[in-house]
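Read the structure below first, then the notes.
Bear in mind that the values in this text are calculations on the coordinates, not laboratory data. Given the structure is predicted, the values throughout are model-derived calculations rather than measurements. Heads up, the Cβs are rebuilt from the backbone with ideal geometry, glycines too, and the neighbour counts pull from every protein chain shown.
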Amino acid sequence: MQPVVQAIVAMPIVLPPTVLGFYLLVLLGPRGAVGEIWGRWGGGPLVFSFAGLVIGSVIFSLPFVVRPLQGAFAASGRRPMEAAATLGAGPLDRFATVALPLARRGYLTAATLCFAHTVGEFGVVLMIGGNIPGETRVVSIAIFDLVERMQYGAAHRLSAGLVVFSFLVLLVVSAVDRRWRAL
C-alpha cells in the first residue's frame, strides 16, 4: 500500500500541470464530487476562486512538502519513539510529543518549497483559477500575458524577479537546514 500512496503523492512531479488542472477543475467544479459537496455546505464556488487556487496549488506542490517531511521524520530515528513507548506513551502521544517536535526542521523546508514551487506554477493555476485580474491572476500568468502582447521588457523584469526570488528562497532553505543540522 505504501508504494501506491507514494506514487500518488509524487504524480504531480511527472504529470503535465494542465492534466492535473483539468481533473481538479472537474473535481472542484459545481458538479464535481468535491465542488458539489462544498456547495451544499454553503461554500462558494471553488473554481475560479482564491480558495480553489489554494487547493490546486497544495495538491500540485504536495511532493515538495512530503519529501522534506519524510526526511525530517526519518532523521529523528526510532530510539526517541521507543524511549517514549517504554515510558508509557501511546502511539498518538508519541507522535505529537516526540516525532512532531523532532521533525521541526522539515516543516519550514516543506512550507517554503511548497510556496516557492507554487509561485511560478502555470497550468494548474490557469485551469482552476483562470485569469481574473485582481482576483486569481498570478505572476506566471501575468508573464504569459505580457509575452502574448509582445511586451518583452516587462515580461523580462517580472521573470527576472521570479528568478531572484527562487534563488533567495533556496538560499534561505539551505541556510536554515544547515543551521538546524548544527544544533
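For the chain, the relative contact order is 25 percent, taking Cα pairs closer than 8 Å that sit 6 or more residues apart in sequence and dividing their mean separation by the residue count. For the residues Met11, Met127, Met81, a GNM of the chain with alpha-carbon springs under 10 Å puts the largest fluctuation on Met81.
Note the listed values (i) 34, 18, 15; (ii) 41, 19, 15; (iii) 35, 24, 13, then indicate which one is semi-axes √(5λ) of the Cα gyration tensor in Å calculated from this particular structure. Recomputing semi-axes √(5λ) of the Cα gyration tensor in Å here picks out (iii).
The peptide list 107-117, 154-164, put in order of mean Cβ contacts within 10 Å with the highest first, becomes 107-117, 154-164. Neighbour counts of C-beta atoms inside 10 Å place Glu148, Glu36 in the sequence Glu148, Glu36, starting with the fewest. Listed peptides 66-75, 95-104 appear in the order 66-75, 95-104 once ranked by packing, highest mean of other Cβ atoms within 10 Å at the front.
Under the membrane-span-like helix rule (DSSP H runs whose alpha carbons stretch at least 20 Å along the helix axis, mean Kyte-Doolittle hydropathy -0.5 or higher), the chain yields 50-76, 104-119, 152-182. Could you work out [θ]222 nm for the chain from helices alone, using -39500 (n - 2.57) per DSSP H run of at least four and dividing by all its residues? Round to the nearest 500 deg cm²/dmol. Rounded to the nearest 500, it is -24000 deg cm²/dmol.
Residues considered: Val172, Val14, Val139. Largest GNM mean-square fluctuation over the chain, using C-alpha springs under 10 Å, is found at Val14.
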